[in-house]
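The values are calculated or read from the model by the stated rules, or taken from the named source; none is laboratory data. Since the model is a prediction, treat every value here as computed from it, not as a measurement. Reconstructed Cβ throughout: ideal geometry from the backbone, glycine too, with neighbour counts over all protein chains shown.
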Amino acid sequence: QPPVEAIPAVGEHRQVDRDLGPVHQVFPQRESLTENEVQPPFIPLLTEAVAPKHNLPSQPTPFVGRERELADIIRRLTDKDCRLLVLVGPGGIGKTRMALETAKRFISNDAGPSFFEHGFLFVPLAAVESSAGLVSAVAEAAGFTFYSNLPPHQQLLQYLQPKEMLLVFDNVEHLLSVSDDGEIGVTEFISTILTAAARVKILVTSQEALNLQEAWFHQVQGMSFPTPLHAFSGASDAPYTPDSASLESYDAVQLFAQSAARARVAFSLAAERDAVVRICQLVAGMPLAIELAAAWLKSLPAAEIAAEIERDLDILTTRHQNVPERHRSMRVVLSQSWQRLTASEREIFKRLSVFRGDFTAEAGRRVASASLLDLATFVEKSLLAITSAGRYQMHELLRQYAAEKLAESPLDVVEARDKHCAYYADFLQQRAAGLMEGRQRINLADITTEYDNVWTAWRWAVKQKNVNAIKQSVSALQYCCQFQGRYLEGANAWAEAIAMLSGLEPTEPVNHTLAEVLVWWSWLLIRLGQLDQAEAALSRCLTLYQQLNVPPVPGYGTDPALPLSLIATIRSDYDTAIYYGEQARHKAEAHYHAHNLCQAHYVLASATLGQGRYRLAQEHAQRALTIAQQIDDRWFIAYCLNELGKSALALADLVTAQEHFQASYAIRREFGDPQGMGVALNYLGETALRQQAFDRAQTLYQQSLTIYQNLTDKGGLATAHKGLAAVAIGQHNFPTAGQHLQYALRLAMEIHYMTLVFSILNTTGQLWLTAGQPERGLRLIVFVRDHASHRPAQDEAQQILDAYATATQEMLTELLATVQAQLSGRTLEDIVLEVVETHYLTL
């Protein structure tokens, strides 16, 4: 070592460096030191004195959210086995801020016991262009001065060897492919540090993975944001609009609100809630994109910003002068990632942009000719992420950028999207049969996972008039819509397909596909209460099948006679309902269509129940259940159990009814079927009412109401309100009962659900009787008894009359005569108008 007196004083070292050149020229080395020999550890006092505890740059804006990710990063860094942690993610995802915040938490001891005795060293590498510059950047960050003729990296290793510290290497991706002759590369340098300095740990941020065995990886993804409600997951057709309180739990929304407050003083998250959610969804929680979007609030409302992002990425720019140039434009950030790809990688990556959501390796191979090696390369370069299920996912902004590149060649777009459509049409066709039998939930889960892709493929098939793809896809998508209550979404999709098919030359394949889509459409229209439109669609469907002279395809309710029977039952036209039900039964038996035969017995059970033939209804329901069990159709078993429960209710077997409805609810819950759960809850509520269990009935109906408020099933919603009215009557809360009944009656009349209309009138009559106005109550109940076409409603009316007579110990002959005289000449419309215009608040 040089004599101590030869070392300049701390205050002199910079001047010595300027006057005499590099410090290492001042000190002669031992003659015995060979060219390749590593000098023993020696740290000059001048370096010790200059080195700070940390050199973390201060940040102009507060750090927002990401607590779970920070906790995971800190946990790993405190693990004795983790020496090198790499934060990997695309540009703009917030890797640098995460690394700085991590170090800050250690400095403030928020990470727990004291770590890194000798401090924290932040080394920004974005501006470094060579391997040689890497070592200089570390030395500069440390305030370290080279002092000998040893290679600089070896001197730096000597400095680091005794340290317990955290090195943060920021933005190393562009150095991974740089190789300077005679200079140590970035990965080799990092590995050497870990070998030479046993108590040093390194935190790296990079868009590309480091190929080092000792590296631990943390995939940095977008901040949390409200995602659209997912179809086939128990969600409804209603748009997702979280309230302001819920929004504050999402990190992306918090960051937008913080940035927005700087851009516009009067910004209100509550006022622009939907647009803010849409922006966060469009940029998939990317922090840089969120800040760039929020900056535009100076001149644009949030809704216009969202619309512009969908149209063009170029709005995601800023003119702030203190923002690094590479972060002033989202397009520049994305372009940097693009430039790191080879020509062949770019071609594959462009084609991958046709996927929506995530995708499997097999899908990537079939659609984009992406090998496993290609996918692994994209993952390593942060252009794809691997989900917990082992699927591949592209960040939405990267996808949009790649899609722009693909669009530069319209022929390439068509080719890629045709392959995507063909793959998912085949995928759906393979699972259609499984959705009708024992593998229902497995196949439903498969399609749920591919939700974004299957609907993207469907829309492309319609746009390209691809009749074969539509025929392959429609059955599986219909079953999923029915299983999960996605009535409006499916109905709108089928309407677009019907319009397209109707404009084609009416060949046999076109007409056959059109007939199939029409019957599927009618089922969803019935659920939406659009009975006239459903009936018109079915009439057209019948005509097509007559022209084709072929039976309906096998499947769930593919025979148009089945939905026609259900429409007639809803309208209380039971003779017509039975006519269509028997017609469907005979065709199903003739062609061995087990699923249609099962549904034929189901609609016949419903129609005969309406006629008051309860034992026959029970027989049909039992036959339907037996067939459903034989073909292992678990989802439809729940429908059959409901019909058996209704027959048991009509026969006053409340215990059996409850058992059937509970079993039905359990099955619907397995499937995540909100509409089916709501139906079962309504029936369980009615059973509880018959048992005088008002508290339990109220709970059941309230649960049903909550479900139906997020669905587009007006019949179910009206039934829940009617049930809550009955509970309120039992609790003598008459104003509340009246409000529920008025709302229920309006809904039932709107969809011409006559069976329910008469039941609501009975309950309204009960309200008046209980409230001490027997004449008004008896008027409604007698009307139902004498005019309802629905036998259960007539029976219910008579039971109410008998119970009232028993309770009051009165002879009702004279009062009933008066009521009947009042009803002379009055129509159903008159009675309904009387109910909906009554003010119940005075009761």
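For this structure, a couple of remarks:
- All positions within region 339-352 that are touching a residue at least 60 places away in the same chain (Cβ under 8 Å) and not in a helix (DSSP H, G or I): Arg340
- Of all residues in region 650-666, exactly one satisfies the criterion of being assigned to a helix (DSSP H, G or I) and modelled with pLDDT under 95, namely Ala650.
- Selection of region 525-567 for residues being surrounded by 19 or more Cβ atoms within 10 Å (Cβ to Cβ), more than 21 Å from Ser475 (Cβ to Cβ) and of a type in the set (A, V, I, L, M) yields Leu531, Ile567.
- Summed over region 464-516, the residues that are aliphatic (A, V, I, L, M) and without any contact (Cβ under 8 Å) to a residue 12 or more places away in the chain give a count of 1.
- Among helices (runs of 4 or more DSSP H) entirely within region 392-460, having at least 1 residues that are among the charged types (D, E, K, R) and farther than 28 Å from Glu347 by Cα singles out 410-432, 440-449.
Yes or no, residue by residue, for (1) farther than 20 Å from Arg278 by Cα; (2) exposed (fewer than 15 other Cβ atoms within 10 Å of the Cβ):
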{"residue": "Ala306", "(1), (2)": "no, no"}
{"residue": "Asp314", "(1), (2)": "no, yes"}
{"residue": "Ser344", "(1), (2)": "yes, yes"}
{"residue": "Ile348", "(1), (2)": "yes, no"}
{"residue": "Asp358", "(1), (2)": "no, no"}
{"residue": "Asp374", "(1), (2)": "yes, no"}
{"residue": "Ser382", "(1), (2)": "yes, no"}
{"residue": "Glu396", "(1), (2)": "no, no"}
{"residue": "Leu411", "(1), (2)": "yes, yes"}
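Residue by residue, here is whether (1) within 17 Å of Leu651 (Cβ to Cβ); (2) hydrophobic (A, V, I, L, M, F, W, C); (3) surrounded by 24 or more Cβ atoms within 10 Å (Cβ to Cβ) holds:
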| position | (1), (2), (3) |
| --- | --- |
| Lys587 | no, no, no |
| His593 | no, no, no |
| Val603 | no, yes, yes |
| Arg613 | yes, no, no |
| Leu616 | yes, yes, no |
| Gln622 | yes, no, no |
| Ile627 | no, yes, no |
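- Top-ranked residue of region 438-463 - restricted to ones that are farther than 17 Å from Ala422 by Cβ and free of Cβ contacts under 8 Å to residues at least 40 places away in the same chain, ranked as farthest from the chain's Cα centre (by Cα): Arg439
- If you go through region 195-211 and keep only what is exposed (fewer than 15 other Cβ atoms within 10 Å of the Cβ) and under 24 Å from Trp338 (Cα atoms), you end up with just Asn211.
- Any hit, region 799-810, residues being at pLDDT 90 or above, within 30 Å of Leu566 (Cα to Cα) and of a type outside the set (Asp, Glu): no
- Hey, Val86 in a strand (DSSP E or B) and either touching a residue at least 24 places away in the same chain (Cβ under 8 Å) or in the same structural domain as Glu188 (by TED's automatic domain parsing) (or both) or not: yes
- Any hit, region 124-137, residues being at pLDDT 90 or above and within 22 Å of Arg97 (Cβ to Cβ): yes
- Residue pairs whose Cβ atoms lie under 7 Å apart, sitting 6 or more positions apart in sequence or on different chains, and linking a residue in region 660-678 that is farther than 18 Å from Asn710 by Cα to a partner that is of a type in the set (Gly, Ala, Ser) and surrounded by fewer than 24 Cβ atoms within 10 Å (Cβ to Cβ), are His660/Ala648.
- Qualifying residues in region 629-649 (those that are assigned to a helix (DSSP H, G or I) and of a type in the set (A, V, I, L, M)) - the one surrounded by the fewest Cβ atoms within 10 Å (Cβ to Cβ): Ile637
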